[in-house]
1. Taking residue 298 and the conditions (1) in contact with a helix residue (DSSP H, G or I) (Cβ under 8 Å, 6 or more places away or on another chain); (2) touching a residue at least 60 places away in the same chain (Cβ under 8 Å), which numbered condition does it fall short on, given that it satisfies the others?
2. Please state which one of 334, 328, 338 is under 20 Å from the mean Cα position of the chain (by Cα) and either free of Cβ contacts under 8 Å to residues at least 24 places away in the same chain or at positive phi (or both).
3. Look at residue 48 and say whether it is assigned by TED's automatic domain parsing to the domain that holds residue 198, in contact (Cβ under 8 Å) with a residue 12 or more places away in the chain and either assigned to a loop (DSSP other than H, G, I, E, B) or surrounded by fewer than 19 Cβ atoms within 10 Å (Cβ to Cβ) (or both).
4. Does residue 67 count as surrounded by 15 or more Cβ atoms within 10 Å (Cβ to Cβ), more than 21 Å from the chain's Cα centre (by Cα) and either touching a residue at least 12 places away in the same chain (Cβ under 8 Å) or assigned to a helix (DSSP H, G or I) (or both)?
5. Just the residues that are part of a helix (DSSP H, G or I) and surrounded by fewer than 18 Cβ atoms within 10 Å (Cβ to Cβ), please, taken from the range 95-110.
6. When the residues of the range 18-45 are narrowed to those that are touching a residue at least 40 places away in the same chain (Cβ under 8 Å), farther than 21 Å from residue 93 by Cβ and under 26 Å from the mean Cα position of the chain (by Cα), which ends up surrounded by the fewest Cβ atoms within 10 Å (Cβ to Cβ)?
7. Among the residues of the range 81-94, is there at least one that is in a helix (DSSP H, G or I) and either assigned by TED's automatic domain parsing to the domain that holds residue 333 or in contact with a helix residue (DSSP H, G or I) (Cβ under 6 Å, 6 or more places away or on another chain) (or both)?
8. It is to be established whether one or more residues within the range 158-166 are more than 20 Å from residue 277 (Cβ to Cβ), crowded, with 24+ Cβ neighbours inside 10 Å and free of Cβ contacts under 8 Å to residues at least 60 places away in the same chain.
């Protein structure tokens with residue numbers, strides 16, 4: 001048995017039929033699903049890459065001193081985070097690092113990875129690769145007696161765009177330190193705050209000036225359009241970074257030398273990042289207005305690269321199917337990020353201005369034609385448009401490939417969701433991973449923002 005047997009179907013393979021439907025639109029598809037950058041790589045970065053292309057020798061796993069200094073300088077300049085260049089470690093794209101971090105930290109059977117209830121799927125994949133269990137909870141109290149070894153936080157959140165305040169992050173760090181757990185903060189969207197200002201877990205207001213037990217992961221995929229370069233870095237606890245470096249040296253996890261030069265150039269220039277941010281801000285404004293005017297609801301989304309969108313007449317799969325089949329618009333069903341996302345879709349801002357404008361026009365057209373189908377699990381309900389609802393023909397769960405699951409470490413409880421005066425409680429869907437879904441009943445407010 002190989003590690004592949006532990007893994008679920010690849011996330012984006014699950015929406016292949018939707019991609020096919022969107023491609024049939026006479027005006028061409030609008031892909032707002034994965035979030036891959038479409039704008040040009042900055043000229044100064046390409047020039048740096050080309051100038052360094054004659055690189056016949058092995059590069060340094062630790063990265064060049066110039067690259068590490070550039071990363072440390074950017075963190076101090078842009079986010080008020082002081083780190084030593086010696087504590088910066090380049091990674092071959094942050095997805096690679098996130099997937100292998102539990103293995104590199106020595107996690108295994110009996111250990112627990114605590115992640116947000118709605119989360120980037122690769123956190124889950126990392127736990128599977130290590131043979132550890134996952135506890136998906138938005139409450140630290142939900143961990144109970146579980147042996148938590150790694151805590152993932154993600155602010156701004158993918159997929160919801162929520163921003164966790166410094167006080168909240170401070171509590172997470174203190175809780176983890178008391179238990180000897182590592183806090184890993186995925187900060188790939190930290191530069192994209194719209195209605196809130198994201199803060200790094202390494203900021204003195206959060207960690208108290210000590211980076212012990214804390215790691216922050218940063219990517220240049222969105223800031224500098226370098227998804228194709230696989231350029232990111234991790235920094236934080238000096239001892240942890242040193243151990244990670246030792247492991248990566250042995251495993252050959254090395255960023256190519258020309259990419260290191262290009263990454264240093266990108267981190268040293270703020271002008272291109274500001275221009276790219278303005279592009280995303282303009283596209284966000286267009287899409288936000290289009291969905292709102294068409295009767296959709298946008299939740300959270302105060303930062304990051306996505307809009308977290310719902311419609312009262314649709315679950316996530318029927319909404320995605322409607323947009324793909326009728327509008328040629330491909331989005332990500334929220335359930336890809338956890339069962340709590342079954343009423344939402346994630347809409348990426350990563351399309352050209354022309355494609356975003358086309359999407360806005362098509363969304364308005366769908367509203368004009370009326371949204372008259374809805375699906376909420378197996379229950380039929382009347383839609384807001386007044387017509388009898390129809391069950392979605394899209395399967396909400398693709399279970400063709402499922403890895404065997406061990407019993408969850410902590411028994412789950414029925415979630416209670418409070419929103420706009422409406423309360424509903426439904427059990428979470430079973431996932432093909434040892435996951436304990438734990439959610440504390442709300443005390444009168446909306447859904448709690450991340451781990452508490």
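The values are calculated or read from the model by the stated rules, or taken from the named source; none is laboratory data. All of these numbers come straight from a predicted model, not from anything done at the bench. All Cβ positions, glycine included, derive from the backbone under ideal geometry; neighbour counts span all protein chains shown.
1. Result: residue 298 passes all but (2).
2. 338 is the lone residue from the list that is under 20 Å from the mean Cα position of the chain (by Cα) and either free of Cβ contacts under 8 Å to residues at least 24 places away in the same chain or at positive phi (or both).
3. No.
4. So residue 67 passes the test.
5. Hit for the range 95-110 is 96, nothing else.
6. Only one residue fits best here, namely 23.
7. Looking for residues that are in a helix (DSSP H, G or I) and either assigned by TED's automatic domain parsing to the domain that holds residue 333 or in contact with a helix residue (DSSP H, G or I) (Cβ under 6 Å, 6 or more places away or on another chain) (or both), one finds at least one in the range 81-94, hence yes.
8. No, the range 158-166 contains no residue that is more than 20 Å from residue 277 (Cβ to Cβ), crowded, with 24+ Cβ neighbours inside 10 Å and free of Cβ contacts under 8 Å to residues at least 60 places away in the same chain.
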